[in-house]
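Inspection log for the structure reproduced underneath, given as structure tokens.
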Amino acid sequence: MYPFGYQRIDTPQALKAAQQRQRGEADKAVSYLAGGTTLLDLMKLGTLAPAEILDINGLAHDYGDISWADDELRLGALVRMSAAADHPRIRSDFPVIAQSLDLAASPQIRNMASLGGNVLQRTRCNYFRQTGWTACNKRQPGSGCAAMEGVNRKHAILGVSDHCIAAYPGDFGQALVALEARVDILGFHGTRTLPFHQLHLAPGSEPERETVLLPGELITGFHVPIGPWTRRSLYLKIRDRESYEFALVSAAVAMHLDDNVIRDVRIALGGVATKPWRAHEAEQQLIGRRPDLPAFEAASKVAFAAAVTRPGNRYKVDLGQQTLTRALLQLAEMEV
Amino acid sequence: MAETAEGVIGKDVARIDGARKVTGAASYGSDFALPDQTYAFLVTSTIARGRIRHIDETAARRVPGVIGIYTHRDIAGKVKAGKLMADGGYLGTSIQPLTSPDILHDGQIVAVVIGESFESAREGAYRLDVAYERQPASASFDDASVETVAASEASKTHEDPKVGDAETAFQQAALRIDVSYSTPTQHHNPIELFTTLCHWSDGKLTVWESSQNVWGYKYGLAEQLGIDPNDIRVLSPFIGGAFGSRGSLTPRTAIIAEIARQLGRPVKLVPTRDQGFTIATYRAETRHHVKLGATPDGKLVSLSHEAWEVTSRPDNYMVSGTKATTRLYQCPNIYSKVSITHADRNTPGFMRSPPELPYLFALESAMDELAVATGIDPIELRRINDTQVEPIKGLPYTSRSLMACFDAGAKAFGWHERNPKPGAMRDGDWLVGWGCASTMYPTAVAPAAAKVRLMPDGKAIVQTAAHDIGTGAYTVIGQVAAERLGLPLANIEVQIGDSDLPPAPVAGGSNTTASVCNVVAKACDRLRQQLFQQSNAASATDISGMPLDAVLNDLPKDGIEAYAENLPHGTTQEGIGKLYHGHSMLAGGSELKDRIQFAFGAEFVELRIHRLTKEIRCSRLIGAFACGRIVNPRTARSQLMGGLIWGLSSALHEETEIDQASARYYNDDLAEYLIPVNADVREVEVIFVPEEDKAINDLGIKGLGELGNVGTNAAVANAVYHATGFRIRDLPIRLEDLLAVES
């Protein structure tokens, strides 16, 4: 860890002032601190070395609420993972959100980590995390990618590029992308709202750019539309052990089933992609069809048609298809 | 003295150090702090083979609080390399960092940065610029430049057990199993990191470091630093996990001691989790080729076990588990051969059941394959081949209750309800698999010494430089002293983990309870004898039941003391000499001339495997064990339960992944190096099968610390086969293995 400046931000005015200061010091690396469950780890490893930390936990009054409108669920960015996961109405009306949070990390981490920070969690690729590895385009642009020929069992097979195959590690992000959530972003010029799926970037030729956030911009909350598919939703996470592990493959799925016909379906995949991944083509396959095994298997094949694998992660195509099929079967059988 | 001390041995009592542990009063290695102490942070190599070309200290020296940077330029010539324990030394590696600019493995220590705070040392270490001249490195078996040699060539003392003509018998056998297996690299990852605190005062060195071998550390450090062993004290009262990783001295300790000497201030090192993967030892990967020949009714006629192990370039470390696998079953024709492969890796070392865990995985998987081939129930197959005489030299087991363990375990598990057809047992979408395997672990006992002092107030102090690596040694030593002196357990104070105390052997090979309890019993008996002889309170012939009350009043103010040494069966007087030089002469297992000593058990596993996604979850683990006299059922159960869980872990979770191109460890943290979490361990049952073995040692104790985790991996693999019909022969078993065989 390297020395850094630390400032507590307790009011929107103080935040605005800090953002204004940042505009003047474009080269200075500034990080926001909420739960700190990723930031502190990576700072200790020396992977991240922000010059200044802005502790935004004092803004909980402004951005720490769970609220409801007629047509949407609103989640403040400073809501803790456990608070959202334990919320009775989220559990009943948005099972996919509650489950994606419940199945992530450990209770201690879920009590600390904020929803805003969660979606910005950095990859678990150890070639990125450990500075002892010299080839990592994400950490050191242009240095190469050690994972291509190295240990890549847990790496991505969708949205990859020749420059990076690091998997997006989160769970909640998949739920948001499946439910077509929107994200509020506060910058110096005010708030902008984006479809959540536009927040993250695939690595392309610039794996160091992971999101569209501009310097100083802060995620303040999420809007999740309520639809006829949100109650029939679930998160299935497949991993080597029962708890406290990142997904090898996960599926966030939601379905509007009417008269035994799939009217609408949402599919997002985790553990297999470089960003929260929406499987649009697979969804298209299912709309208008009956919820049966052949339909689900066909859709699962489509979802992984574009996979690009390495020797260590080739199994993820097969596992991904099985995971999605299993999730859809469970979804169709859900009592809502 | 109202309470009777009769029957304290064998009683289910809570740990006498338990309250200290749960209240935080117990101090572990890095809990110790000294005034004026400095902090060390290691810089380790990012290449596996080559040389340090240049070290630029400028930026590191500029960090406020950094007070020293030590590299080979400062340490070479001041610290000597040591020899491996197997070669008569005290270390786990002959690679001594900072003696030259050469790099022989990933994560080798290349510099130590000293700061006034941990944070300044760490920042200094991060800012130290080390440039390397990198050479190609070989990671493991399949690399072109590794060198493989027969163990019998590498080591003068190595023996490949053989009898009869295994190859001819195999060719003529009615049923033949001819298969290969492998086990992965694994690291101990004790929760307590590999910390060291060194302090010099008047030319004498004190080291606070968690150790399984304080006398060995004292003598090893003396050799490395060129000082008198009597000027060194090693303190290790509580140990936050060891599992073999603290049995041999690691090179860091002499380096930190030398820096403290040069600096004239205490130095405290707390390395990181990932550094623990390369500055200490680990379990190397192994490969096995097993051939079994049998009659149609399951009688073994030929058993061949050939194996390969990875080690470092300079060291011939090996575990040679064929010592056990050639002696588990009756068979007239046996062949075995062990080879070692030198790669550009740190030297491997002892890790809980070093030989038996990988080698019995191979044999006990192959036995299950033979059970399938013959159509005989796996338990019955073992009964058919059971023996009370080991087949290589024809020596008798002092006791062997393997089949009693199978019978007790099978009953508790409900084995008779097993449908032997693979895939036949289901629970909804989950395939259910039941598997079993044998476990065995050698009973070794070593010379030891102990001192007991009885005070007039009826309290006693037991002193011996033994080690409690979380196993309950404090408590069992206390129980033995309580019973033999005739005092309540609460009156016994046990002092261990200090090289100033009478010497005890390394806490390795599961020998501590047998070695130390026997010598403590001897010292107590001697003390009582002295006491009653002095007091004339009784005839010297029958004092065993005499209460102490009558004689306590006559004791001098500082009490009386007795000292004892113990030479177990199979050891010689030379063993006592070695004991006082930090060497442990472990005798037992298959190394004795007149008999063979092992503990046995049977393990049962129930798995659930999802029919689509193939994740493997364990729903039940049962182990039945016969290991002589159980001194404390509570701590013994705890060890065996932990063993079963680790066995599960070795089958499904643990693997150190290696980046082949660079020969470097990849998943060197506890997020990516998997061990089971609570949710993975549903139901664990430990059954003690009564066993009396009066021959093995006076107290009839067999070691059990390393018995529990052996065989579990095979039981898991056998259960995977039973659930799916697929035999996975390479550990760890992962869901992609099952997806691959199915598609």
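A few points about this structure:
- Environment charge at residue B:30 (Cβ cut-off 14 Å; Lys +1, Arg +1, Asp -1, Glu -1): +1
- Of B:456, B:473, B:490, farthest towards positive along the dipole that unit charges on Lys, Arg, Asp, Glu beta carbons give the stretch B:425-508: B:456
- Within the straight-line cut-off of under 20 Å between alpha carbons, the aspartates and glutamates reachable from residue B:459 are B:3, B:6, B:17, B:483, B:493, B:525, B:549, B:554, B:558, B:561, sequence neighbours fewer than 8 places apart in one chain being disregarded.
- Environment charge of residue B:401, counting only residues whose C-beta is closer than 14 Å and scoring Lys/Arg +1, Asp/Glu -1: 0
- Alpha-carbon geometry of the stretch A:44-153: the Rg and the Dmax are 17.8, 51 Å, given in that order.
- Average Cα contact separation per residue, the stretch B:264-332, under 8 Å, 6 or more apart, as relative contact order %: 26 percent
- Beta bridges by DSSP in the stretch A:5-59, antiparallel share as percent, to the nearest 5: 0 percent
- Cα pair distances of the protein assembly as shown binned at 20 Å [whole percent]: 12, 38, 36, 13, 1, 0
- Antiparallel content of DSSP bridges confined to the protein assembly as shown, in %, to 5: 75 percent
- Counting only residues at least eight positions apart within a chain, or on another chain, the aspartates and glutamates with an alpha carbon under 14 Å from that of residue B:291 are B:165, B:167, B:178, B:306, B:364, B:368, B:369.
- Pairs from the list B:218/B:557; B:156/B:593; B:21/B:78; B:11/B:411 with a Cα-Cα gap above 29 Å: B:218/B:557; B:21/B:78.
- Qualifying lysines (Cα of each under 21 Å from Cα of residue A:138; at least 8 residues distant if same chain): A:28, A:44, A:154, A:275
- Charge context of residue B:634, other residues only, Cβ under 10 angstrom, K/R +1, D/E -1: +2
- Normalised convex hull volume, the stretch B:445-588, alpha-carbon set, Å³ per residue: 106 Å³
- Relative contact order %, the stretch A:5-59, counting alpha carbon pairs below 8 Å whose residues are six or more apart: 58 percent
- Relative contact order (%) - criterion: Cα under 8 Å, at least six apart; region: chain B: 17 percent
- Legend: ranking of residues B:426, B:620 from fewest to most surrounding C-beta atoms inside 10 Å; resulting order B:426, B:620.
- Magnitude of the charge dipole, the protein assembly as shown, Cβ model with Lys/Arg +1 and Asp/Glu -1, debye to 20: 760 debye
- Against the compact-protein benchmark of 2.2 N^0.38 Å, the Cα-based radius of gyration of chain B scales to 0.97.
- Take the Cα of residue A:106, step 7 Å toward its Cβ, do the same at residue A:298, and the gap between the two points is 4.6 nm.
- Relative exposure of B:687, B:496, B:701, judged by other C-beta atoms within 10 Å (fewest first): B:687, B:496, B:701
- For B:130, B:494, order by how many other beta-carbon atoms lie within 10 Å, fewest first: B:130, B:494
- Estimated inter-spin distance, residue A:70 and residue A:29, nm [label 7 Å along Cα→Cβ]: 4.8 nm
We did not get these values from a lab; they are worked out from the coordinates using the rules stated. The structure presented is a predicted model; accordingly, all values stated were derived computationally and were not measured. All Cβ positions, glycine included, derive from the backbone under ideal geometry; neighbour counts span all protein chains shown.
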